[in-house]
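Report on the following structure.
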Amino acid sequence: MRMKLVKKYEQQVKDFLLVCQWLSDAKYATSHGGNLAYKVDEDVYLITPTRRYKNILVAEDLVFIDGKGNTLEGKRKPTGEMAMYLHFFRERPDIVSAIHCHPPYMNAFAILKGVNWLERPVFPEMIVEAGPVPIVPYGEPISQQLADNFLPYLKKYNTFMMENHGLVAISPSDIIRTMHIIDLLETASISILSALAVGEIKEIPREEVEKLDRTQTTRELPRIGAPGVNPSLASLYFQD
């Protein structure tokens, strides 16, 4: 290959490293935790290496793989969660980027019994930009079982809380936009937990959620889930 992929996709590499630093600075990825994947071309994916701190990564540390997990470029071994990411891109060909991390306030819902308030209509921004965040049953990290546990949820949702583990966000947008969605959810989680500490939470009623389809269209935001799966935002939050 005449042109190195790290050079060919220079802007995507810069954005990828920016998000790695962002995750570390925000304390969403500590120690070796967290990983990212970014579809930069047809059958070309940029992915984080295993066992490397996100705040010290440089371009030469990154790995390019194909859809079968073969390394196209990079001297390091890709993240052990590679199978999970390839699962995502295979089942959701519409997505471009994916991030797994452990935001501390959101992660409270990964271990909290009772109502999962990240799955309820609480803030309009959460509804139109992120959608509900279902709890994916626990699976051993770096295992095929964990990847398979996503199957019942993958077509319908774009954000997922892995039980007793952490957050996954996938998106048809670039890696920076996906990171903004994570920031939005973490801020909402702070508000939700603060409200629970002093009282009860008010949900947005169905008739108001129905109006948010128009808001989503006006803001030119992508629909939640795989194309054509969810007829409306209300269908994600309410059982008919």
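All of the numbers you see were taken from the coordinates with simple rules; none came from a lab. From a predicted model like this one, the values you see are computed outputs, not experimental measurements. Because the Cβ atoms are built from the backbone with ideal geometry, glycine has one as well, and the counts that use them run over all protein chains shown.
Side notes on the structure shown:
- Loop-located chymotrypsin sites (Phe, Trp or Tyr not before Pro) in region 131-240 whose Cβ has at most 10 other Cβ within 10 Å (DSSP): none
- In the chain, Cα pairs under 8 Å separated by at least six residues give a relative contact order of 19 percent.
- Of the GluC sites (Glu not before Pro) found in region 138-233, those in coil by DSSP whose Cβ has at most 13 other Cβ atoms within 10 Å are 200, 203, 220.
- DSSP finds beta bridges in the chain, and of those with both partners inside it, around 90 percent are antiparallel.
- Net charge of Cβ neighbours under 14 Å - reference residue 28; Lys, Arg +1; Asp, Glu -1: -1
- Partners for residue 39 among lysines (Cα-Cα distance below 23 Å; same-chain residues under 8 apart left out): 4, 7, 8, 14, 54, 68, 75, 77, 155, 156
- Distance in nm between pseudo-label sites at residue 218 and residue 191 (7 Å out along the Cβ direction from Cα): 1.8 nm
- Selection of GluC sites (Glu not before Pro), region 1-95, meeting DSSP coil and at most 16 other Cβ within 10 Å: 42
- Labels on offer are [x] 7, 29, 31, 19, 9, 3, 0; [y] 7, 29, 35, 22, 7, 0; [z] 7, 33, 36, 18, 5, 0, 0, and the one holding P(r) over Cα pairs in 10 Å bins from 0, in percent computed from this structure is [z].
- Charge sum, other residues only, whose C-beta stays under 15 Å from residue 77's C-beta, Lys/Arg counted +1 and Asp/Glu -1: 0
- Choice from 185, 46, 112 with maximal GNM fluctuation in the chain (Cα, 10 Å cutoff): 112
- If only the Cβ of Lys and Arg carry +1 and only the Cβ of Asp and Glu carry -1, the dipole of region 173-240 around its Cα centre is close to 140 debye.
- Relative to the current alpha-carbon distance between residue 11 and residue 156, full extension at 0.36 nm per residue lengthens the span by 49.2 nm.
- Summing Lys and Arg as +1 and Asp and Glu as -1 over all other residues whose Cβ lies under 12 Å from the Cβ of residue 105 gives a net charge of -1.
- Förster-model FRET efficiency, 30 Å R0, residue 202 and residue 26, C-beta, rounded to 0.05: 0.60
- Computed label-point distance, nm, for sites residue 163 and residue 176 using a 7 Å Cα→Cβ extension: 3.8 nm
- Of 98, 83, 26, the one that fluctuates the most in a GNM where the chain has Cα springs shorter than 10 Å: 26
- For region 4-21, the residues whose amide N sits under 17 Å from a probe point set 7 Å from the Cα of residue 72 along the beta carbon direction are 4-17.
- Only DSSP H runs of four or more residues enter the estimate; each adds -39500 (n - 2.57), and after division by the residues of the chain the mean residue ellipticity at 222 nm equals -11000 deg cm²/dmol.
- Note on residue 202: aspartates and glutamates with a C-alpha under 15 Å away, same-chain residues under 8 apart excluded, are 119.
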